[in-house]
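Colleague: Following this message is one structure expressed as structure tokens.
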Amino acid sequence: MSLSDSVQVTLGGLQVSVLIATFIYSISCFQTFLYWRSRFNDRLGILALVWAVWIFETTHTLCFWFYIFTITVKYYGVPEELERRHWSITMSIVFHGLITGCVQSYYSYRVYILSGKRLIPVVCWIGCLIEGCGSVGIAVVLYLVGPAEFAAKWELFPTLNIAVDLSVGVVNTTTLCYYLHRMRTGTSKTTDQMVTTLIEWSVETGLITALAALGMLIACVVTPNTAVYLSMTSFYAKFYSNSLLASLNGRGPFSPFRVFAPPTATVVTSGTELAFTVNITQTTETSTPTGLSRSLHRFSRGGAVNEHGSQMKSRTSAQEVQLTSIPEQYGDSVENEMTEKRPCEDARKTYITMV
């Protein structure tokens, strides 16, 4: 292959990769905006993680933009510049390791919350630490020896680092699906359907990163070229940030779990006061024998409502609905309906706690 052909392949691959990375970065920005707009009541650690990942993502993208500008504009017509060391490309590898390490650590934490056991999460956290240190080591060696010598003597280093990343991702996803599967009751169709959706959602978010890692691993093994590795690192980490944001935004307006109704009850009363406490955001319906319906919208506090829908008193509750003063002939049917729909809310709480 002539020098001209080599430059076309190397530079062309970098330009296409940066274009793909820029497109995926725009999706990350949109997902970050959705997360901010949704106003989730997350802990400070989750908020810090989201903003840290977005800042790392932005800096990672800027590094590649600067590198492409340098070799295509500043040093236009100088193909030897591709073999020189650039601080921007080495810094991009560092931020690549920070993004993947943070996201994988969060997924390991999610496994710990769901399982209550420390062994597998600790192993995955150690893998994340190895991967992060490996990315820093790759960046340092690449800057010290240059792309040509790095491809000749250190090509195994990136391959091992990607293999660790792939292993951690597979273990996280597999373990999460295993513990979710154990939540199946076999007695409640609603609960089992919710668990199935949780498993599908976990597999989808984990599959994106696993396929990206596998593709990058195959590329590094088949073509041990520094340019190939750099091209794929331009957009590889962005799959992780989008996976994290999609997982968190799954609780918002675009969540697939909105198809599941919250616990509700339809009570037939005859002039009897209906006392209840609610702490849900969905609409609850009550009906009277005459067909009168009242919608109780978006409560954060409870109260007692008579047959005319007037508020009598207020209470607070921890996401449960309590019915009192119900005629005896209707009590059993209401209790059965509430019992049947509570497992769905339990699974929903599990998802919210998990993310």
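Colleague: Using Cα pairs under 8 angstrom and six or more residues apart, how large is the relative contact order of region 164-237, in percent?
Modeller: Relative contact order, region 164-237: 31 percent.
Colleague: Would you work out which of VAL228, THR173, ILE113 lies farthest towards the positive end of the dipole of region 3-259, given +1 charges on the beta-carbon of Lys and Arg and -1 on that of Asp and Glu, about the Cα centre?
Modeller: Checking the options against the dipole of region 3-259, the answer is ILE113.
Colleague: Using the basic label-point model (7 angstrom from Cα toward the beta carbon), what is the TRP36 to LEU144 distance in nanometres?
Modeller: The modelled label-to-label distance comes out at 4.0 nm.
Colleague: What FRET efficiency comes out for the pair ILE20/LEU44, r = Cβ-Cβ distance, R0 = 41 Å, nearest 0.05?
Modeller: Given R0 = 41 Å and the Cβ-Cβ separation, E is 0.75.
Colleague: Right, another one. Just subtract the alpha-carbon distance of SER115 and GLU200 from 0.36 nm times their residue separation and send over the number in nm, one decimal.
Modeller: 28.8 nm
Colleague: Same structure again: Quote the charge dipole size of region 3-259 about the Cα centre in Debye, to the nearest 20; the model charges only the Cβ of Lys and Arg (+1) and of Asp and Glu (-1).
Modeller: Here the size comes out at about 1080 debye.
Colleague: What is the distance in Å between the Cα centres of region 114-149 and region 174-199?
Modeller: If you average the Cα positions of each part, the centres end up 32 Å apart.
Colleague: Run through region 119-201 and list the trypsin sites (Lys or Arg not before Pro) located in a DSSP loop whose Cβ has at most 10 other Cβ atoms within 10 Å.
Modeller: ARG182
Colleague: Shifting gears a bit: Expected output is a single nm value to one decimal: the length gained when fully extending between TRP87 and ALA152, i.e. 0.36 nm times separation in residues minus the C-alpha distance. What is it?
Modeller: Gain on stretching TRP87 to ALA152: 21.4 nm.
Quick note: the coordinates plus some simple rules give every number you see, no bench work behind them. Keep in mind that this is a model prediction, so the values were computed, not measured. As a convention, Cβ positions derive from the backbone with ideal geometry for all residues, glycine included, and neighbour counts pool all protein chains shown.
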